[in-house]
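Reviewing the structure listed below.
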Amino acid sequence: MSNQSRRSAMFAFRNAFRSPEMTAAEAVAKTATGELVLIDIRDGSELAASGKARGALHVPMAAFGMRCDPRSPECLPELGSGKPIAVYCASGARSGMAKGMLKRFGYQDVHNIGGLAHWQRAGGPVERA
């Protein structure tokens, strides 16, 4: 087997266990109908500067473990709904880490939709506090 074939097989195997990502447009539609739990993981100053996606829960990364771990007494009740969960930040990097944390906490249907700008470009409304 060539090196290229081995690499292709390795990525196919790895990708078979990944959940397909939800697009920001899909997240906008599912949030509007209540089919999705949307989480903004940016810090408070980012929220104050640009607002947040309408319907999103604000859980900054500093409090993520405490508010999202089902073993924590402070876990958000919305996360126990069984609905898919989508996370976003400013660019998609921190929300990628948050997605990994949620998967480790045992949530199965978790998606990184990128940044707030992705949400806005998909027609998602933004609210200010």
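Only the Cβ atoms of Lys and Arg (+1) and of Asp and Glu (-1) were treated as charged; on that basis the dipole of the range 64-129 about its Cα centre amounts to roughly 180 debye.
Once the 1.4 Å probe is applied to the protein heavy atoms, the range 14-129 comes out at 52 Å² accessible per residue. 3J(HN,Hα) along the range 105-111, derived from phi through the Karplus expression 6.51 cos²θ - 1.76 cosθ + 1.60 where θ = phi - 60°, amounts to 6, x, 6, 9, 9, 10, 9 Hz, with x in place of Gly and Pro. Between T23 and R121, what length in nm is gained on full extension when 0.36 nm per residue of separation is reduced by their alpha carbon distance? Here the segment from T23 to R121 would lengthen by 34.2 nm. Near the amide H of A86, within less than 5 Å, lie the amide hydrogens of V37, L38, I39, H111, all on another chain or at least 5 residues away, with H placed in the peptide plane. Summarising the amide proton neighbourhood of G114: residues at separation of 5 or more, or on other chains, whose placed amide H is nearer than 5 Å comprise C89. For the range 12-129, the relative contact order works out to 34 percent when only alpha carbon pairs closer than 8 Å and six or more residues apart are counted.
Stretching R128 away from S50 to a fully extended chain increases their span by 27.3 nm, per 0.36 nm per residue minus the current alpha-carbon distance.
The values are calculated or read from the model by the stated rules, or taken from the named source; none is laboratory data. Note that the structure is predicted; figures quoted are calculated from it, not measured. Don't worry about glycine lacking a Cβ; one is built from the backbone with ideal geometry, like all the others, and counts go over all protein chains shown. Just the protein is used for accessible areas: all its heavy atoms, side chains included, with ligands, DNA and RNA removed. Shrake-Rupley method; radii C 1.70, N 1.55, O 1.52, S 1.80 Å.
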